[in-house]
Amino acid sequence: MVHIKDDGVFDAPIDRLWKYFNDNAAHQHTSFQVTKVLEQKGNAMTIMAKTRNPSGGFDTEKYVMTVNQPKGFSLEYLSGAMKGSKHTHTYTPQGVAENELKKGVLAYFAQAFEEDNANLKKYK
């Protein structure tokens, strides 16, 4: 079994990412093209797609795409060269910078400690 992890950060807020993701006219790729939707049940869609292969040509493959907005989506290959494989895309909204987060958390811990310390002095 092979596990591959690749982290990329979009320069856009999560709501814009999902708006783009759901806009079929705008959300196009040269390496992947849905050719037919075979079935749709809830948040899962079985599709046929042309996918660019390592030699530069295209293969036709069948997938189940499961969208779990706002968390992400997964693709499970039902046919083609990668049959049985699955990849998952997880979207995590970016918050404050690491140093600001650390500063805020440490300030919270310090305040809670001081409050506990003061209360323990009065506690019987």
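Points to keep in mind about this one:
- Subset of the stretch 94-117 (residues that are open to solvent by less than 90 Å² (accessible area, probe 1.4 Å) and in contact (Cβ under 8 Å) with a residue 40 or more places away in the chain): none
- Selection of strands (runs of 3 or more DSSP E) fully inside the stretch 1-89 by the criterion of at least 1 residues being modelled with pLDDT of 90 or more and of a type in the set (Lys, Arg) returns 32-41, 44-52, 58-68.
- Filter result (under 25 Å from Gly84 (Cα atoms) and open to solvent by 90 Å² or more (accessible area, probe 1.4 Å)) within the stretch 1-23: Met1, Val2, His3, Ile4, Lys5, Asp6, Asp7
- Matching residues, the stretch 61-87, being open to solvent by 40 Å² or more (accessible area, probe 1.4 Å) and among the aliphatic types (A, V, I, L, M): Leu78, Ala81, Met82
- Any chance Tyr91 is closer than 20 Å to Val2 by Cβ and open to solvent by less than 80 Å² (accessible area, probe 1.4 Å): no
- Which listed residue is within 16 Å of His89 (Cα to Cα) and either in contact (Cβ under 8 Å) with a residue 12 or more places away in the chain or surrounded by fewer than 10 Cβ atoms within 10 Å (Cβ to Cβ) (or both), from Ala49, Ala44, Ala26: Ala44
The values are calculated or read from the model by the stated rules, or taken from the named source; none is laboratory data. None of the values given here were measured: they were computed from a predicted structure. Using ideal geometry, Cβ is built from the backbone for each residue, glycine included, and neighbour counts are taken over all protein chains shown. With ligands, DNA and RNA removed, areas are computed over all heavy atoms of the protein, side chains included. Shrake-Rupley method; radii C 1.70, N 1.55, O 1.52, S 1.80 Å.
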